[in-house]
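Down below is the structure, laid out as structure tokens.
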Amino acid sequence: MPELPDIAVYIEALEQRILGHTLERVLIGSPFLLRTADPPLDSAFQHKVIALRRVGKRIAIGFDNDVFLVLHLMIAGRLHWFESKKKTRPDGRRMLAAFEFDNGSLTLTEAGSQKRASLHVVAGQAGLDALDPGGMDVLKATVKQFGAALTRENHTLKRSLTDPHLFSGIGNAYSDEILHRAQLSPVLLTQRMSEEDIARLLTATKEILIEWTEKLRAESAGKFPEKVTAFREGMAVHGRYDQPCPRCGAKVQRIRYASNETNYCARCQTGGKLLADRALSRLLREDWPRTLEELEERRR
């Protein structure tokens with residue numbers, strides 16, 4: 001799922017292309033995409049774009065009549081820009097919508113059979129607020145504000161960092177990178193964190209989000225971002241299972257659950273202890289290796 005750095009770069013690219021331009025019409029290719037009926041979709045037609053905002057992991061396009069089109073790309077949704085309006089009709093299985101402006105077309109595609117991407121049409125700030133989970137903008141947070149949100153309830157660090165009601169725009173990929181940078185376990189309970197841990201985590205959070213926003217901005221180099229993915233060259237642990245940790249050289253480990261996985265370095269983050277993969281640990285029970293040394297011994 002595109003996270004804060006990806007959404008920020010998408011918005012910058014859209015500002016360069018559609019800000020001040022008129023939306024002529026929207027062609028919808030999937031009956032599951034549009035999630036609202038009032039205001040109607042055509043209330044944005046023939047109006048100029050005057051603002052682009054990030055609302056959590058959503059992209060909000062604001063028009064001069066106080067109507068917003070709000071896109072949530074979910075896991076597999078991606079945006080594409082065409083200077084020409086030709087060949088952008090949503091008639092393929094992947095293309096969900098085409099937004100035709102006076103200077104080109106923005107299309108929304110989604111890979112896979114599960115269509116989860118969404119489009120909401122809302123009116124004014126109240127409409128945007130209703131879609132906002134309310135998470136804190138960590139880039140503007142003080143240590144005190146960050147710590148208060150983090151320790152309000154007692155959950156694992158991974159869960160808390162990716163909770164949109166606590167923190168805005170952080171998902172599975174960048175939370176792995178943040179926790180590795182901070183050298184903290186993904187299953188550490190938030191109310192067991194020291195003040196030093198909290199300060200280190202906030203520093204790591206800001207560093208990772210800023211660094212990756214800058215990297216993605218440089219990668220697109222003024223072009224529309226087409227290589228939006230959760231797995232990027234240069235990441236320390238995310239998507240790098242069984243590869244060497246760039247800090248200590250130990251093999252990156254993972255916990256798999258549902259459609260997600262957590263990647264971490266046991267030596268850097270958990271004192272060498274292997275975290276129990278829910279499915280495998282149930283299967284292996286007493287045979288589940290507890291340390292990196294036991295794991296290597298089993299492999300041998």
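If you work out Cα Rg over 2.2 N^0.38 Å from the coordinates, which of [x] 1.11; [y] 1.05; [z] 0.97 do you get?
[x]
Please flag any cysteine in the chain that has no other cysteine's Cβ under 4.7 angstrom from its own Cβ.
CYS248
Based on other C-beta atoms within 10 Å, arrange HIS120, HIS165, HIS180 from fewest to most.
With the sparsest Cβ surroundings first, the list reads HIS165, HIS120, HIS180.
State, in angstrom, two size descriptors of the range 76-221 derived from its alpha carbons: Rg to one decimal place and Dmax to the nearest whole number.
Every Cα atom of the range 76-221 included, Rg and Dmax give 19.1, 57 Å.
Most exposed first by the Cβ proxy, i.e. fewest other Cβ within 10 Å, how do TYR10, TYR257 rank?
So the ranking, lowest neighbour count to highest, is TYR257, TYR10.
If amide H atoms are built 1.01 Å from N in the plane of the peptide, which residues on other chains or at least 5 residues away come under 5 Å of the amide H of PHE101?
For PHE101, the qualifying residues are GLU24, LEU106.
Restricted to Cα positions, what overall size does the range 216-260 have along the principal axes? Three whole-Å values, descending.
Dimensions of the range 216-260 along the principal axes of its Cα atoms: 37, 29, 10 Å.
Using only the Cα atoms, work out Rg/Rh for the range 4-131, with Rh taken as the Kirkwood radius, to two decimals.
0.92
Which of the pairs LYS57/LYS273; LYS251/LYS273; LYS57/LYS223 have their Cα atoms more than 23 Å apart in this structure?
From the list (LYS57/LYS273; LYS251/LYS273; LYS57/LYS223), the Cα-Cα distance tops 23 Å for LYS57/LYS273.
Between GLU24 and LYS223, 0.36 nm times their residue separation minus their Cα-Cα distance comes to what?
That works out to 69.3 nm of additional length.
Counting only C-alpha contacts under 8 Å and six or more residues apart, can you give the relative contact order of the range 4-131 as a whole percent?
Values: 265 pairs, mean separation 38.8, N = 128.
The value is 30 percent.
Can you compute the helix-only [θ] at 222 nm over the chain? Use -39500 (n - 2.57) per DSSP H run of at least 4 residues, normalise by all residues, nearest 500 deg cm²/dmol.
One gets -9000 deg cm²/dmol as the mean residue ellipticity at 222 nm.
Would you mind classifying the range 131-171 by shape? Square roots of the alpha carbon gyration tensor eigenvalues, ordered a ≥ b ≥ c; an a/c under 1.5 is rounded, otherwise it is prolate if a/b is larger than b/c and oblate if not. If you can, show how the numbers build up before the last one.
Details: a/c = 1.62, a/b = 1.05, b/c = 1.54.
It is oblate, given that a/c is not under 1.5 and a/b is not larger than b/c.
Please report the equivalent ellipsoid semi-axes of the range 176-247, computed as sqrt(5 x eigenvalue) of the Cα gyration tensor, largest first, in whole Å.
In descending order the semi-axes read 27, 15, 9 Å.
Where a number appears in this text, it was derived from the coordinates with a stated rule and is not lab data. This structure is a prediction, so every number in the text was calculated from the model and none was measured. FYI the Cβ positions are ideal-geometry reconstructions off the backbone, even for glycines, and counts take in every protein chain you see.
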